[in-house]
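S.K.: Okay, here's the structure, questions in a sec.
The values are calculated or read from the model by the stated rules, or taken from the named source; none is laboratory data. The shown structure was predicted, so the numbers you read here are calculated from the model rather than taken from an experiment. In this analysis, Cβ positions are derived from the backbone assuming ideal geometry, glycine residues included, and neighbour counts consider all displayed protein chains. Surface areas here come from the heavy atoms of the whole protein model, side chains and all, with no ligands, DNA or RNA. Shrake-Rupley method; radii C 1.70, N 1.55, O 1.52, S 1.80 Å.
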Amino acid sequence: MIVKEYSIFYIPFWYSIQTRFRTIPRFCSWVIIYLIPVLLCFFFVSSIFNYIFLLKSFLGVVLVYNLYEIGYIYNDAETIKKESSPTMRLSNSQIQFYENNKRNIYNFRFFVAAVITFCLSFYDGVLLFLLAAWAIIPAYMLYNSVRSRLNLPLHFVLVTLRYCSPVLLFTGCDNIYIGFVMILLFPLINTLERCAESRFKLNFFKDFFLVNRKSGRYIYYFTLLVMGLVCIYVFGDYIYFVFSCYALYYMIFRFLSAQVNINE
């Protein structure tokens with residue numbers, strides 16, 4: 001039990017599961033919103049499927065989340081010290097363990113990231129992905145250092161890096177526009193919903209229909225679906241077919257999740 005309690009600081013994904021997706025509905029929501037779309041995108045943008053493809057995909061996603069969780073850990077154990085009413089995601093014993101082992105925790109996390117980076121560096125066309133993945137660290141440093149409306153654009157950058165950077169594993173600089181298209185699928189609406197939080201005091205977004213976590217979400221994806229279908233008709237490009245499939249996928253999920261009230 002003790003090992004399990006403290007292992008979250010070292011094992012990629014485990015920290016997120018234990019602090020962000022503690023319930024089964026939240027975990028399933030993360031799998032549907034993030035993991036499945038990212039993994040499916042690898043198939044859409046890559047023409048080769050073999051064990052190298054699987055290894056490259058696995059290492060890429062692990063690298064992104066390992067680096068992202070460094071920001072989570074710092075936020076949950078360090079940034080809370082500066083807040084008057086912090087959200088406590090760690091137990092007292094976990095915080096004490098962190099205080100006693102913080103150097104080892106960060107060293108281990110960066111070591112894992114360095115090893116994965118070294119392994120991926122042998123593949124062609126991964127430089128842009130590696131730069132985007134490691135950009136999570138300075139972005140999170142800025143995010144954790146401020147508590148103002150500046151958090152909103154920084155949140156957008158972080159979500160974009162987490163959600164879109166894995167695609168760069170197989171697209172590189174040649175089809176970088178695919179990453180920009182993917183921004184519409186999750187980072188944009190996620191940031192708009194964040195703008196509606198009361199702490200930012202942006203009254204416009206409180207009444208903005210797209211940030212309604214029930215109807216607004218599937219209206220947003222229905223709009224993207226229509227846009228995608230129009231682009232297929234006008235341009236006939238494969239990327240718009242993929243985009244439309246994703247829009248339909250998210251629209252159905254958001255509609256169903258609204259019925260069972262999964263607020264993720």
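S.K.: Which of the lysines could a cross-linker bridge to residue 214, judged by Cα under 19 Å and excluding same-chain residues fewer than eight apart?
M.R.: Those lysines meeting the cut-off are 206.
S.K.: Under the definition of Cα pairs under 8 Å and six or more residues apart, what whole-number percent is the relative contact order of the chain?
M.R.: It rounds to 18 percent for the chain.
S.K.: Between the stretch 147-165 and the stretch 98-129, what's the alpha-carbon centroid distance in Å?
M.R.: First find each Cα centre; the distance between them is then 21 Å.
S.K.: Also, quick follow-up: When only alpha-carbon atoms count, how far does the chain stretch along each of its three principal axes, as whole angstroms with the largest first?
M.R.: Between the extreme Cα coordinates on each principal axis of the chain lie 60, 49, 33 Å.
S.K.: Is the shape of the stretch 3-95 rounded, prolate or oblate, going by the alpha carbon gyration tensor and its root eigenvalues a ≥ b ≥ c, with a/c under 1.5 for rounded and a/b larger than b/c for prolate?
M.R.: prolate
S.K.: Can you tell me how much longer the chain between residue 238 and residue 256 gets when fully stretched, taken as 0.36 nm per residue apart minus their C-alpha distance, in nm with one decimal?
M.R.: Gain in length upon complete extension: 3.7 nm.
S.K.: How high is the relative contact order of the stretch 88-178? Use alpha-carbon pairs under 8 Å, at least six apart in sequence, and give a whole percent.
M.R.: 32
S.K.: Which of the trypsin sites (Lys or Arg not before Pro) found in the stretch 40-149 are loop residues per DSSP with 16 or fewer other Cβ atoms within 10 Å of their Cβ?
M.R.: Hits after loop and neighbour filter: 147, 149.
S.K.: Counting other Cβ atoms within 10 Å of each Cβ, which GluC sites (Glu not before Pro) in the stretch 76-143 have at most 12 and sit in a DSSP loop?
M.R.: 83
S.K.: Got a sec? Charge dipole of the chain, +1 on Cβ for Lys and Arg, -1 for Asp and Glu; which of 54, 15, 117 is way out at the positive end?
M.R.: The residue sitting most towards the positive pole is 15.
S.K.: Then there's this: Accessible area per residue of the chain at 1.4 Å probe, in Å²?
M.R.: Value returned for the chain: 52 Å² of accessible area per residue.
S.K.: For the stretch 227-243, take each phi angle, set θ = phi - 60°, evaluate the Karplus expression 6.51 cos²θ - 1.76 cosθ + 1.60, and give the result in whole Hz per residue in order, putting x for glycine and proline.
M.R.: With the stated coefficients, the stretch 227-243 comes to 4, x, 5, 5, 5, 4, 5, 7, 9, x, 7, 4, 4, 6, 5, 4, 4 Hz.
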